[in-house]
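The values are calculated or read from the model by the stated rules, or taken from the named source; none is laboratory data. The structure presented is a predicted model; accordingly, all values stated were derived computationally and were not measured. Cβ atoms come from the backbone with ideal geometry, glycine included; neighbour counts cover every protein chain shown. The protein model used for the area step is the full one, side chains on, heavy atoms only, and it has no ligands, DNA or RNA in it. Shrake-Rupley method; radii C 1.70, N 1.55, O 1.52, S 1.80 Å.
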Amino acid sequence: MSAAGRRPRVAVDVAGADLGPQPVVAGALAAATTTDVVLVGPRERIRPLLPDGVPPPGVRLLDAPDVVGMADDPVAATYAKRRSSLLLAAAEVAAGRADAMVTPGNTGAAVLAAAARLGRVPGVTNPALATVLPVPDAGPTVLLDIGATATAQPEWLVEFAVLGAEYARCRLGVDRPRIGLLSNGHESVKGGPVRRDAHLLLAAMPGYVGQIEAYDVLGGRVDVAVTDGFTGDVALKMYERTLDATVGLALAAVRAFSPIGALARDRERRVTAAVRRGLAAEAGGALLGVRGVCVVCHGAAGAADVAAGVDIAVECVRAGVVERTGVAFAASSRRRRGVRRVAVDG
């Protein structure tokens with residue numbers, strides 16, 4: 001947690017993104033107007049992107065000679081590249097020199113770096129990435145996992161539900177989060193063995209409404225939608241591509257009914273901004289279940305996305321997400337152990 005009276009400090013992983021370091025540095029420098037930033041990456045690649053080659057006020061440069069690429073195996077790269085920008089950014093948070101880290105790099109390697117350097121919240125088996133989706137005419141929905149785990153066991157989905165519910169409480173202000181398990185039907189017989197078992201385990205959890213379908217995620221039925229990382233990643237990317245298509249259709253409609261000229265161009269900009277503002281998912285996902293704030297952005301994140309990722313990280317720091325999810329997870333673990341003892345004793 002950042003100390004009272006000083007600006008939050010965020011370590012930004014500059015290396016490993018799809019579009020190279022330029023948009024990452026640009027986004028970090030934009031965020032530096034309100035946040036102290038540590039640019040972590042190869043010094044020789046960062047300096048040419050700085051004003052006069054020098055970090056401006058509020059910005060510090062940390063040389064990290066090793067780069068983890070998108071095509072690198074996360075496990076092998078984490079062990080072989082000990083001075084990677086991911087590991088050094090996480091180390092800044094672990095040492096208290098930064099309050100949070102942000103990366104648009106290799107997701108699997110980011111999760112491993114955060115778990116290795118920050119450690120897991122006691123009892124958490126696998127951390128989960130959570131994003132926030134806006135829901136028109138209703139409150140936003142937290143969707144997790146969106147890529148930290150390729151598969152999941154029933155117990156992991158329960159852990160995700162606990163983490164996601166507390167995230168909704170402390171970041172979104174939802175007092176009693178409604179939790180749904182993403183499946184291919186509402187009925188308890190749907191979803192295969194993993195989801196059926198998870199459904200039974202979640203039945204005793206406060207706020208659990210049962211299995212939900214994809215349309216429920218944006219239907220205002222739940223505040224937290226829980227799934228495995230493979231399904232969550234596919235769902236999020238399909239949502240984002242659908243939004244792009246929706247914007248395209250809206251612009252085509254504006255062009256069809258507007259005169260050509262400045263008025264039409266102004267209307268196009270307004271329509272595009274309104275649709276994206278109302279429906280766009282957040283620019284990054286918060287990694288829940290580790291003992292530090294870590295936000296993972298898209299690999300193809302632009303400057304605005306990186307700046308937004310820094311904003312998410314700062315929000316998580318100020319809301320005490322790490323501390324509160326840790327307390328909530330401990331309480332949930334005790335409650336679940338009590339339920340198992342009663343079941344066995346009974």
Identity of the residue in the stretch 39-92, over 24 Å from the mean Cα position of the chain (by Cα) and among the small types (Gly, Ala, Ser), that ends up surrounded by the fewest Cβ atoms within 10 Å (Cβ to Cβ): GLY53
List the residue pairs whose Cβ atoms are under 9 Å apart, where the first residue sits in the stretch 169-192 and is closer than 20 Å to ILE146 by Cα, the second is aromatic (Phe, Trp, Tyr) and crowded, with 19+ Cβ neighbours inside 10 Å, and the two are 6 or more positions apart or on different chains. PRO177/TYR167; ARG178/TYR208; ILE179/TYR208; GLY180/TYR208; LEU181/TYR208
Which of the residues spanning the stretch 135-148 are touching a strand residue (DSSP E or B) at 6+ places or on another chain (Cβ under 8 Å) and surrounded by fewer than 22 Cβ atoms within 10 Å (Cβ to Cβ)? VAL135, PRO140
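Conditions tested, residue by residue: (1) closer than 17 Å to LEU288 by Cα; (2) in a helix (DSSP H, G or I).
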site: THR151; (1), (2): yes, no
site: GLU159; (1), (2): yes, yes
site: ALA165; (1), (2): yes, yes
site: ARG176; (1), (2): no, no
site: HIS186; (1), (2): no, no
site: PRO193; (1), (2): no, yes
site: GLN211; (1), (2): no, no
site: TYR215; (1), (2): no, yes
Tell me whether the stretch 27-34 contains one or more residues that are surrounded by fewer than 24 Cβ atoms within 10 Å (Cβ to Cβ), of a type in the set (Val, Ile, Thr) and over 18 Å from ASP305 (Cα atoms). no
Got a sec? Which of VAL306, VAL296 is modelled with pLDDT of 70 or more, assigned to a helix (DSSP H, G or I), of a type in the set (A, V, I, L, M) and open to solvent by less than 40 Å² (accessible area, probe 1.4 Å)? VAL306
How many residues of the stretch 39-48 are in contact (Cβ under 8 Å) with a residue 12 or more places away in the chain and farther than 15 Å from GLY16 by Cβ? The answer is 2
Among the residues listed as ALA32, ALA26, ALA11, the single one being in contact with a Pro (Cβ under 8 Å, 6 or more places away or on another chain) and of a type in the set (Gly, Ala, Ser): ALA32
Just wondering, is there one or more residues in the stretch 2-9 that are over 15 Å from GLU92 (Cβ atoms) and either β-branched (Val, Ile, Thr) or touching a helix residue (DSSP H, G or I) at 6+ places or on another chain (Cβ under 6 Å) (or both)? no
Per the list (1) open to solvent by 10 Å² or more (accessible area, probe 1.4 Å); (2) in a loop (DSSP other than H, G, I, E, B), residue check on ALA15 breaks on (1)
Please verify whether the stretch 101-117 includes one or more residues that are charged (D, E, K, R) and either over 22 Å from ALA303 (Cβ atoms) or open to solvent by 50 Å² or more (accessible area, probe 1.4 Å) (or both). yes
